[in-house]
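Working notes, beginning with the structure itself.
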Amino acid sequence: MTIAENLQKVRQNITEAVYNRRGQAFATGDEVKLIVVTKTQSVERIREAVAENIVAVGENRIQEAVQKKPQLNPELEWHLIGHLQTNKARQAVTLFDLIHSVDSERLALELNLQAAKICKRQNVLLQVNVASEDSKYGIPPRQDIIHALAKLISSQEHLHLCGLMTIAPYLEDPKDLRPVFRGLYNIFGELQALRLPNTTIQWLSMGMTNDYMVAVEEGANMIRVGTGIFGMR
Ligand SMILES: *Cc1c(COP(=O)(O)O)cnc(C)c1O
């Protein structure tokens, strides 16, 4: 299958998953934004996807984005989906439209500082380690901790909190992840209900190649797909 064919299939699957919600209304709406995960892919292969009118790409390393971004269509949105070290915050704010991986007060404050220097308001998501796996980054799925960090971000002039992100555990049958995705959807609803100033709780970023259909069925409105579009890395 070509990149174009794979993309068409992913788009069909998204439509089908939204349909499979069967009337269940989610606060995240019916539109699902596809982040095309381009890590390890060459600029040439990314251009094939860009030719199919993709809107956004996701990278997990600063260095790859530095190298690829100037070679690609300036209209593309850039998303940082990987872990971010505080000492790379300066570069991250110059490169990315949305940073999915904010998981500490220290990182949030550094991003605010660096965004202020370039007069930018940086869009961010909080990464939640929804299944509390030792191997994963992210804040624990506890309302008190999430709300405290959200309030801190809300008080920073150069940050704009836009929602939540998670990386689900790998399971043979992605249907078994329903409780995990439901859990984050519920946390998303509680965060929206806080009505924090300077904040738009709009994006629920969950779902990758193995599990994006289930994630969308459970309310995801932003998914991150790499293998399903480019094949095995
Ligand atoms: C690599 C990656 C993805 C995409 O994974 P695929 O299984 O290739 O779709 C999504 N999210 C994050 C955070 C990643 O690092």
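The values are calculated or read from the model by the stated rules, or taken from the named source; none is laboratory data. The structure presented is a predicted model; accordingly, all values stated were derived computationally and were not measured. Neighbour counts run over all protein chains shown; Cβ positions are idealised from the backbone, glycine included.
Miscellaneous remarks
- Screening residue 9 against (1) surrounded by fewer than 20 Cβ atoms within 10 Å (Cβ to Cβ); (2) in a loop (DSSP other than H, G, I, E, B) leaves a single unmet condition, (2).
- For segment 193-233, filtering for residues that are assigned to a strand (DSSP E or B), near the ligand (Cβ under 8 Å from one of its atoms) and either in contact with a Gly (Cβ under 6 Å, 6 or more places away or on another chain) or without any contact (Cβ under 8 Å) to a residue 40 or more places away in the chain (or both) leaves 1.
- Residue match in segment 93-103 (condition: part of a helix (DSSP H, G or I) and over 17 Å from residue 118 (Cβ atoms)): no
- Restricting attention to segment 179-192, the residues that are within 16 Å of the ligand (Cβ to nearest atom) and of a type outside the set (A, V, I, L, M) add up to 1.
- Pair list, Cβ under 7 Å, 6 or more apart: segment 91-103 residue closer than 16 Å to residue 63 by Cα, other residue assigned to a helix (DSSP H, G or I) and charged (D, E, K, R): 95/69
- Pair list, Cβ under 7 Å, 6 or more apart: segment 143-167 residue under 19 Å from residue 27 (Cβ atoms), other residue crowded, with 21+ Cβ neighbours inside 10 Å and modelled with pLDDT under 95: 166/130
- Residues in segment 122-153 that are touching a Leu at 6+ places or on another chain (Cβ under 7 Å) and surrounded by fewer than 17 Cβ atoms within 10 Å (Cβ to Cβ): 147, 151.
- Taken over segment 36-74, the criterion of being charged (D, E, K, R), out of contact with any helix residue (DSSP H, G or I) (no Cβ under 9 Å at 6 or more places or on another chain) and closer than 21 Å to residue 92 by Cβ is satisfied by 61, 64.
- All conditions in (1) within 11 Å of the ligand (Cβ to nearest atom); (2) modelled with pLDDT of 95 or more hold for residue 170, with the sole exception of (2).
- Scan of segment 85-106 for residues that are in contact with a helix residue (DSSP H, G or I) (Cβ under 9 Å, 6 or more places away or on another chain) and within 18 Å of residue 198 (Cβ to Cβ), ordered by number: 93, 99, 102, 105
- Within segment 114-135, tally of residues that are within 16 Å of residue 202 (Cβ to Cβ) and assigned to a loop (DSSP other than H, G, I, E, B): 1
- Within segment 40-71, the set of residues being within 13 Å of residue 3 (Cα to Cα), surrounded by 16 or more Cβ atoms within 10 Å (Cβ to Cβ) and within 16 Å of the ligand (Cβ to nearest atom) comprises 41, 46, 49, 54.
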